[in-house]
Amino acid sequence: MHTHDAIARSWVEKDEVTGETLGSISCPSGKGKRLIILHAGSEDGWIPNCDLVYQSIEEEGDYHEEMNCQSFENLFENNLIPNIPPNSLIVMDNVSYHSRRFEPLPTSNWRKGDMITWLTNKGIPLPTKGIKQNLYAIIKKHKEKYRKYVIDEMAKTAGHEVSNTMEKHNLEFMLDALHRLVNEEFAHVTPERWASLIRHTQEKVEDVYFTADRLENWKRVEEFVIHVGADNYESDSDEEDSDISDYNSDNSDDEI
């Protein structure tokens, strides 16, 4: 939540001279100080003592960067676990501060000596030819069973289980459900409802805008048609013939 959260409406001042408004206050941008809010709840309500609210340091960017593993793990272990029932299922997403590894797992970039040390500590026999490629081939066969997370281990030690549901969320099912809801809402808007909305716009909304813009005395200009009669046409022809005769007469005098 940042300090510039605001609705797009505001009070405006009326201009006594023109009858219009003097403008509104512009809505501020999304940049600014923010509060980071963290809490946990169940079907019984909020979990006691699990609220964490503090002011962010960065004024823009992803707020997840403002939370670190140490702060979250401290809240999880000392505030959440003591206040939930035994054998609880803890549901949360898989953001980085929820997912700190219990121990680092070897990668192909590890040094040969570090790979040997890891295999030895796990009690895994070393290959006959201890080249790096052979070492990592054995590591890949075993390392997944050592993929553990600090939060999961905390919960397991206390008799609970963690589920990162966001990782396995079925987006296709969600879109199908939304599509169905949209179609249902379309069906609720009947032709009678459409007619009612249009009448409301014509009879009420337009009147409001006319009044606001000082158009209360606005009147519709009646349609009218100008009929061009035969007399007018003949009169125009007579004038044109007269002009031509005068022109010919003038030219005749010049030739003599």
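In this structure, does residue 97 turn out to be touching an Asp or Glu at 6+ places or on another chain (Cβ under 9 Å) and either without any contact (Cβ under 8 Å) to a residue 12 or more places away in the chain or in a helix (DSSP H, G or I) (or both)? Here the answer is yes, as residue 97 does meet what is asked. Of everything listed in (1) surrounded by 13 or more Cβ atoms within 10 Å (Cβ to Cβ); (2) modelled with pLDDT of 90 or more; (3) of a type in the set (Val, Ile, Thr), the single unmet condition for residue 95 is (2). Within region 50-89, the residues that satisfy the criterion of being acidic (Asp, Glu), at pLDDT below 75 and assigned to a loop (DSSP other than H, G, I, E, B) are 58, 59, 60, 62. Condition check: within 29 Å of residue 42 (Cα to Cα), free of Cβ contacts under 8 Å to residues at least 24 places away in the same chain and either loosely packed, with under 15 Cβ neighbours inside 10 Å or of a type in the set (Asp, Glu) (or both). Does residue 85 satisfy that? Yes; evaluated as a whole, the condition is true for this residue. Residues in region 98-113 that are over 45 Å from the mean Cα position of the chain (by Cα) and surrounded by fewer than 13 Cβ atoms within 10 Å (Cβ to Cβ): 113 alone.
The values are calculated or read from the model by the stated rules, or taken from the named source; none is laboratory data. What you see is a predicted model, and the numbers here were worked out from it, not measured in a lab. Backbone-built Cβ (ideal geometry, glycine too); neighbour counts: all protein chains shown.
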